[in-house]
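Derivation of every value follows stated rules applied to the coordinates shown; laboratory data play no part. As the structure is a prediction and not an experimental result, all values here were calculated from the model. Backbone-built Cβ (ideal geometry, glycine too); neighbour counts: all protein chains shown.
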Amino acid sequence: MGRRFVDQRRADPYYKAAQRDGLRSRAAFKLAYLDDRFHLLRRGARVLDLGAAPGGWSVVALERVGRSGTVVAVDPRPIAPADGLRVVRGRVGDPTLPERLGPTPFDVVLSDMSPSISGAYATDHARSVDLVRSAHALALRVLAPRGAFAAKVFAGDMIDELVEEIRPHFADVLRTKPPASRAPSSEMYVVARGFRPARARAERPDSEDGPRPDSDI
């Protein structure tokens, strides 16, 4: 870790606030912003958090859905336990994952997944879109009617196409960049609300190959 990165992080107000408040990551402020603006999380809701490690979003979700709610965190990496949090070790795109999540649908599916950064922007953008497509494919299978989906993606020329893929399944689809996202970062979030399951069932392929690996948000 370079000295410049360390200095920048120490000067980051969201990093310092996360340290002060005992949060697992500064990303917690991004979900807080998304919920404050789009009202995704309600008391008693069931939430699926994809790519959840180290658990920053899961902890925020737990606080906002309350003890009557449920949060399931999915990641191949370990996640520290938290009261009321269910952890599922696995990868999005694994065809066995929906069954492992159980039959009860979720009110919200979240994805803060990010690809391994190659340094080639076009490649990183395409990979981030792939991750959103995989998360969206899973959301179509596990979301409850009128549910919500929110996912991180890197800005680029595939965004419009991705939004158009998501739009038919939801009442509205919006794009936003939380204040906690670093200014130089290309990350943004696609937020879709009002899930329409009938359309998702009509378009679901009969194959058992699992979510499509292609990308878009």
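Distance from the alpha carbon centroid of region 127-193 to that of region 105-123 works out to 9 angstrom. Does region 27-203 classify as rounded, prolate or oblate by the C-alpha gyration tensor (a ≥ b ≥ c root eigenvalues; a/c under 1.5 gives rounded; else a/b over b/c gives prolate, otherwise oblate)? The shape class here is rounded.
Summing Lys and Arg as +1 and Asp and Glu as -1 over all other residues whose Cβ lies under 9 Å from the Cβ of residue 190 gives a net charge of +2.
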